[in-house]
Amino acid sequence: MSPTESIQSTTQQWTTICPLDRILPNTGVCALINGQQIAVFRVGEGTDVCAIENYDPFSKAYVLSRGIVGDRNGIPKVASPIYKQNFSLLTGECLDDSTVKLRTFSAQVVDGQVQVNV
């Protein structure tokens with residue numbers, strides 16, 4: 001094992017959120033991990049999941065997990081439920097204002113359980 005592999009494996013902090021079937025396709029849930037609100041989205045009918053911070057900087061409210069999931073030109077996105085700004089679920093970039101970007105987190109499904117790396 002190289003020194004890089006050792007560092008990466010010790011910094012991985014995967015937290016199990018819930019079973020995948022608890023998140024309906026194209027919806028999100030909010031998880032509180034280490035005091036941070038994380039919006040976790042199931043994209044489509046399969047096992048694709050994405051995670052971004054739940055804070056909407058335009059409305060200054062923790063609401064993005066309740067947004068509308070869709071895509072813009074093939075990019076999975078969520079529209080804020082308040083002022084409708086769209087955020088890429090892959091990069092966190094606001095698709096309506098490129099000067100605004102949210103934190104993203106790695107997400108995966110293991111044995112039917114949704115996990116987020118914070």
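Under 10 Å, Cα contacts only: if you run a Gaussian network model on the chain, which one of Asn73, Asn34, Asn86 comes out with the highest mean-square fluctuation?
It is Asn73.
Can you put Phe105, Phe87 in order, fewest other beta carbons within 10 Å first? Write out the running numbers ahead of the final one.
On the way: Phe105 19, Phe87 28.
With the sparsest Cβ surroundings first, the list reads Phe105, Phe87.
Quick one: among Arg42, Arg66, Arg103, which has the greatest mean-square fluctuation in a GNM of the chain with alpha-carbon springs under 10 angstrom?
The residue that fluctuates most here is Arg103.
Taking springs between alpha-carbon atoms closer than 10 angstrom, which of Gln85, Gln12, Gln36 fluctuates most in the Gaussian network model of the chain?
Between Gln85, Gln12, Gln36, it is Gln12 that shows the largest mean-square fluctuation.
Under 5 Å between amide H atoms, partner at least 5 residues away or on a different chain: which partners does Cys18 have, H built in plane at 1.01 Å?
Answer set, sorted by chain and number: Val114.
Modelling each spin label as a point 7 Å along the Cα-to-Cβ direction, I'd like the Leu32/Ser59 distance in nm, to one decimal.
Distance between label points: 2.0 nm.
Please order Lys84, Lys101 by the number of other Cβ within 10 Å, starting at the fewest. Provide the component values of the computation, followed by the final result.
Working: Lys84 11, Lys101 15.
Taking fewest neighbouring Cβ atoms as first place, the list is Lys84, Lys101.
Along the Cα-to-Cβ line of Thr15, 7 Å from the Cα, sits a label point; which residues in the range 39-65 have backbone N less than 13 Å from it?
39-40, 52-54
What is the fewest-to-most order of Tyr83, Tyr62 by other Cβ atoms lying within 10 Å of their Cβ?
Tyr83, Tyr62
Would you pull out the residues with amide H under 5 Å of Val118's amide H, same chain only if 5 or more places away, H placed 1.01 Å from N?
For Val118, the qualifying residues are Gln13, Thr15.
Throughout, read-outs are computed from the coordinates displayed, never taken from laboratory work. Just so you know, these numbers come straight off a predicted model, no measurement behind them. Every residue, glycine as well, gets a Cβ built from its backbone with ideal geometry; the counts of neighbours run over all protein chains shown.
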